[in-house]
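Quick notes on the structure that follows.
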Amino acid sequence: MEEFMRCYEKVYPQMYRTAWFYLQNRQEAEDAVQDAVLTAYEKFYQLREKEKFGPWIMRILANKCKKRMQTWFRGEEDIEDISPTQEKVLAKETDFAMASAVRQVFEELEEEERFIVAFSVLGGYTGEEIAEMLNKNHSTIRSKYRRALQKMRKKLEV
């Protein structure tokens, strides 16, 4: 239990950021992280190389997020349903339009591209670590990462 907690404490902030980026909802992100942690805790004994805990649990989290995205209806909020508190938060957002555009372009990427970009940019994982998570060649991951960023850049320039 103590070893699991030490490993988990190192990756929690990355897990939450990644889940939020995928799901765009605080409660859903927290639930996805909680589900991933529970699954990882139950299977921690199966992890032979404890130094690979970060990529391992992030892969579990990605699968939990994908599952939630498949079952969760992600409709846009009706403007009438936005509370005054939410309005203040939105008003304080310095560049809400740009953040929204980036999020939309990110969601238009293929699933594998989203995974690679999210884990590289938000999770801080290297190309080698992502390649290991996806069981792919490092150069393939590097190419897909560059192409995904180019796609996003091109769509944002229009």
Q. Just to be sure, is Q46 among the polar types (S, T, N, Q), surrounded by fewer than 18 Cβ atoms within 10 Å (Cβ to Cβ) and at positive phi?
A. no
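Go through region 111-144 and give me each residue that's assigned to a helix (DSSP H, G or I) and open to solvent by 60 Å² or more (accessible area, probe 1.4 Å).
Within region 111-144, E111, V121, E128, E129, E132, R142 qualify.
Can you say whether A101 is of a type outside the set (D, E), over 17 Å from R17 (Cα atoms) and at pLDDT 65 or above, as far as the supplied structure shows? Outline the logic, then answer.
Working: of a type outside the set (D, E): yes; over 17 Å from R17 (Cα atoms): yes; at pLDDT 65 or above: yes.
Considered against the rule, which asks whether it is of a type outside the set (D, E), over 17 Å from R17 (Cα atoms) and at pLDDT 65 or above, A101 comes out as yes.
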Q.
Among the residues in region 30-42, are any part of a helix (DSSP H, G or I), more than 18 Å from the chain's Cα centre (by Cα) and modelled with pLDDT under 85?
A. no
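Take the residues of region 26-54 that are in contact (Cβ under 8 Å) with a residue 40 or more places away in the chain and of a type outside the set (D, E, K, R): which is farthest from V117 (Cα to Cα)? So that I can check it myself, show each step before the final result.
Step one: of region 26-54, the residues in contact (Cβ under 8 Å) with a residue 40 or more places away in the chain are 28, 44, 50, 52-54.
Checking the rest, the ones that are also of a type outside the set (D, E, K, R) come to 44, 53-54.
Working: F44: 26, F53: 20, G54: 16 Å.
Only one residue fits best here, namely F44.
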Q: For region 8-25, name all the residues that are without any contact (Cβ under 8 Å) to a residue 12 or more places away in the chain, under 23 Å from E128 (Cβ atoms) and open to solvent by 70 Å² or more (accessible area, probe 1.4 Å).
A: none
Q: With the checklist (1) in a loop (DSSP other than H, G, I, E, B); (2) loosely packed, with under 12 Cβ neighbours inside 10 Å; (3) at pLDDT 85 or above in hand, flag the one item E51 doesn't pass.
A: (1)
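If you go through region 120-128 one residue at a time, do you hit one that is farther than 12 Å from T18 by Cβ and not hydroxyl-bearing (S, T, Y)? Full working, then the answer.
Step one: list which residues in region 120-128 are farther than 12 Å from T18 by Cβ, which gives 126-128.
From the residues that got through so far, the ones that are not hydroxyl-bearing (S, T, Y) too are 127-128.
Yes, the conditions are met somewhere in region 120-128.
Return the residue satisfying two criteria in turn: it lies in region 117-148 and is of a type in the set (A, V, I, L, M) and at pLDDT 90 or above, and of such residues it is nearest to F53 (Cα to Cα). Working first, answer last.
At the first step, the residues of region 117-148 found to be of a type in the set (A, V, I, L, M) are 117-118, 121-122, 130-131, 133-134, 141, 148.
Subset that is at pLDDT 90 or above: 141, 148.
On the way: I141: 20, A148: 26 Å.
Out of the qualifying residues, it is I141.
The values are calculated or read from the model by the stated rules, or taken from the named source; none is laboratory data. Everything numeric here is computed off the predicted structure, so don't read it as measured data. Note that we place each Cβ from the backbone using ideal geometry, even for glycine, and neighbour counts take in every protein chain shown. Areas reflect the complete protein model, heavy atoms only, side chains present, ligands, DNA and RNA absent. Shrake-Rupley method; radii C 1.70, N 1.55, O 1.52, S 1.80 Å.
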